[in-house]
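Here's the structure, in structure tokens; my notes come after.
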Amino acid sequence: MHKRILAATTVLAISGLAVISSAQGAEDDWIIRARGIHIAPDASSSALNIDVKSDTVAEVDITRFLTPNIAAELILATAAHEVTANGASLGSTKILPPVLTLQYHFLPEAQLRPYVGAGVNYTWFYDQSGPMKDLDLENGFGWAAQAGVDYMLTQRASLNLDVKYVGLSTEVSAAGSKLADLDINPWIIGVGLGYRF
């Protein structure tokens with residue numbers, strides 16, 4: 001089911017980017033990247049001293065340029081995070097947080113191409129294990145900010161470094177009763193290769 005959600009999200013996002021760019025009359029200008037990302041939550045909770053551990057996973061992102069300087073980027077990745085309360089393990093949960101940002105690229109024709117961006121994410125929690133199976137984590141929207149740089153290896157291939165901060169909060173409940181508010185707020189640090197076409 002969650003693979004279908006990820007596929008549907010990808011199709012809708014790509015379709016949306018295509019519609020926006022067509023409306024603005026931009027030529028086809030896409031970057032596809034594959035990154036390794038380290039997700040480091042800056043977690044805090046209103047009760048139970050809940051903590052969320054880091055994870056490192058592969059990620060794919062799609063960037064669509066709307067003008068030479070302005071682009072929209074969608075990142076797609078899922079990660080499994082161990083969760084603790086008062087130092088004791090609660091098991092783990094998988095998190096699917098597609099992030100869509102609008103970016104400004106400062107030097108679109110240079111070899112070193114820095115950019116900044118801001119946007120939104122929607123987070124799904126799924127496939128919980130251990131005691132986490134008895135807990136409910138509320139899905140929801142959050143915000144995102146990013147900064148990064150592309151270093152052009154050839155006219156089309158690039159090395160990419162990207163850092164994002166995602167405002168990600170949820171409500172933890174059990175049997176319909178709220179236990180705590182949980183802010184996960186991860187830093188996402190990625191390094192990868194891109195190809196522009």
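The values are calculated or read from the model by the stated rules, or taken from the named source; none is laboratory data. Being a predicted model, the structure only gives us computed values, none of them experimental. FYI the Cβ positions are ideal-geometry reconstructions off the backbone, even for glycines, and counts take in every protein chain you see.
Please tell me if L182 is modelled with pLDDT under 95, hydrophobic (A, V, I, L, M, F, W, C) and within 30 Å of G91 (Cβ to Cβ). Step through it out loud before you land on a result.
Values: modelled with pLDDT under 95: no; hydrophobic (A, V, I, L, M, F, W, C): yes; within 30 Å of G91 (Cβ to Cβ): yes.
It is false that L182 is modelled with pLDDT under 95, hydrophobic (A, V, I, L, M, F, W, C) and within 30 Å of G91 (Cβ to Cβ).
Do any residues in segment 51-68 that are of a type in the set (D, E) have Cβ atoms under 7 Å from those of residues that are in a loop (DSSP other than H, G, I, E, B), where the two are at least six apart or on different chains, and which pairs are they?
Within 7 Å, the pairs are D51/A43; E59/A77.
Which residue out of T93, T84 is assigned to a strand (DSSP E or B), closer than 30 Å to P131 by Cα, of a type outside the set (K, R) and in contact with a helix residue (DSSP H, G or I) (Cβ under 9 Å, 6 or more places away or on another chain)?
Values: T84 fails: in contact with a helix residue (DSSP H, G or I) (Cβ under 9 Å, 6 or more places away or on another chain).
After ruling out the rest, the residue left standing is T93.
Quick one: Y122 ticks every box in (1) surrounded by 17 or more Cβ atoms within 10 Å (Cβ to Cβ); (2) over 30 Å from R156 (Cα atoms) bar one, so which box is it?
(1)
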